[in-house]
């Protein structure tokens, strides 16, 4: 591994780690007893709880908050290990064992919800007024809201126990299968290779369409070999959620996703209304790509393909680090300095190797206030952008490092705004380098910016629309492999329209995309586009105001993401209405200038003599 994890524990399963786990379990058991014995907050509208009763609740809530810091420390450490080496049986065993510890902690939350489910307003106001709970009112309001859609405590405890060997086990199975999966890569003009599936995505971003197609076809052949396992996992995860929704009185499966995203249905509908009304712009980006590639349309494996530009050479890891630091420093020096410290402290596992989990993520510990970035770097400009994306997540955690744990629980919708904003800062910083960039390099950056926008406005909606259709059908029974493939094809064709060339869809995208199998969050898709377009609004303000005025406002935005809904945060810091389609249309419209610049620059480049 490239990263240094010794600040978590000196050694895996060493004395320090064993003592930490033992003490964690002891404290969870003790707190569980306290929470179980905790009387519910007064349900009478005419009587306030006693000071002693409020003090009991305050004490349990504060202990839970401190416990969450230690749980995040262990969870982050184990996720780093298992992602970096999916074949290590000891790591997987430790992660599974920790799952039992997490379940025991979840049962404490069950008791808190029991006590808040029917609380009277006068008692609730008295609890929120406790000075020791200042700064966590948003968390407590969400806890109370969640409590009102729960089963009886006995059933919730049973669900917590069953989740380890149920829904989360299906997620672990998928990760294990994906981590071990390899595919046959038929390189043009070179020997075939057997590669880990984690390297497929970068190959599908190759400038050579033969390489992209070979990676696509080889990867899908590998997924076809495990399609029954993937389908079983997908059906089990969705089926468990739907069953729990029914028993909790949740009428619509999207209600859970909206609560987790901390947004209203009006905001989600406004965003997708704007996206589909503005479909011309992302399709224009893809049409340019198709024309540049000499094709009538694009295939799924063309989505992340660069324009055919000369002098494309692999970007070394050292060069990539320097590109990110330079780009950040040019536009946002504080972000650049932070990212440089990330490199210096070895917080990133980046090199390609067998056994690594596919994809990338940023995780962190609230105990040490440190982050770790996981990715597979394959020397492409897309990987450089991924590095910037994950650094944006780490910077978000850095800004929140002094906030209390309950105020650090921000939703994915706001998390993804920080990461995609960092991508834009990288691109802007590099483009601002002026004459230091050649025409081809400038064109490549514009291509990267617009291509990713097209993905956020087409690929992500495909995931959302597919998952919606899948859940609707799953409500009446398991969905077969053939139907999953058909649903995915139909969704891609509907979103892309005539731009998707015949036979260019990806029937196995439901199997190959890890996000469909994440068990802790449902609908792990639309928050990406939500965050992307919200960050376009942030970036527009940055360009209007300049860094000196904007940066404090941006850091205020990041610092408040765990203390309000997405709508409230945007209203306070940006002064915008996320429930209005107009906001989202304006955010999409900010892409028109880079699209026009790309078209003009490509026309200029393609007119030059060879």
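Values quoted throughout were computed directly from the atomic coordinates according to the rules given, and no laboratory measurement underlies them. All of these numbers come straight from a predicted model, not from anything done at the bench. So basically every Cβ, Gly included, is an ideal-geometry build from the backbone, and we count neighbours across all protein chains shown.
So what's the angle, to the nearest 10 degrees on a 0 to 90 scale, between helix 317-331 and the longest Cα principal axis of the chain?
Orientation of helix 317-331: about 80 degrees from the principal axis.
Quick check on the chain: helices-only [θ] at 222 nm, where DSSP H runs of length 4 and up contribute -39,500 (n - 2.57) each and the sum goes over total residues. Nearest 500, please.
Result for the chain: -21000 deg cm²/dmol, rounded to the nearest 500.
In percent, what relative contact order does the chain have, based on Cα pairs under 8 Å that are 6 or more apart in sequence?
Computed value for the chain: 18 percent relative contact order.
Could you let me know the centre-to-centre spacing of the range 548-568 and the range 450-481, using Cα atoms, in angstrom?
30
Sort 543, 468 so that the residue with the fewest other Cβ atoms within 10 Å of its own Cβ comes first and the one with the most comes last.
Going from sparsest to densest Cβ surroundings: 543, 468.
Taking only Cα atoms, what is the 0 to 90° angle, nearest 10, from helix 137-147's long axis to the longest principal axis of the chain?
Taking Cα atoms only, the helix is inclined about 80 degrees.
How do 81, 19, 41 line up, fewest other C-beta atoms within 10 Å first?
The most exposed by this proxy come first: 19, 81, 41.
What label, among [x] 196, 64, 41; [y] 112, 59, 57; [z] 84, 54, 49, belongs to Cα extents along the principal axes in Å computed from the structure on display?
Entry [z].
Using a 10 Å cut-off on Cβ atoms, rank the peptides 451-459, 334-342, 126-134, 554-562 from the highest mean neighbour count down.
Put in order of decreasing packing, that is 451-459, 554-562, 334-342, 126-134.
If I fit a long axis through the Cα atoms of helix 153-165 and take the longest principal axis of the Cα atoms of the chain, what angle between them do I get, 0 to 90°, rounded to 10?
40
With r as the distance between the Cβ atoms of residue 148 and residue 276 and R0 = 56 Å, compute the FRET efficiency 1/(1 + (r/R0)^6) and round to 0.05.
0.95
Under the definition of Cα pairs under 8 Å and six or more residues apart, what whole-number percent is the relative contact order of the range 15-165?
The normalised contact order for the range 15-165 reaches 34 percent.
Quick one: Cα centre-to-centre distance for the range 226-294 and the range 102-160, in angstrom?
After rounding, the separation between the Cα centres reads 29 Å.
Roughly how many whole Å is it from the C-alpha centroid of the range 493-520 to that of the range 47-70?
47
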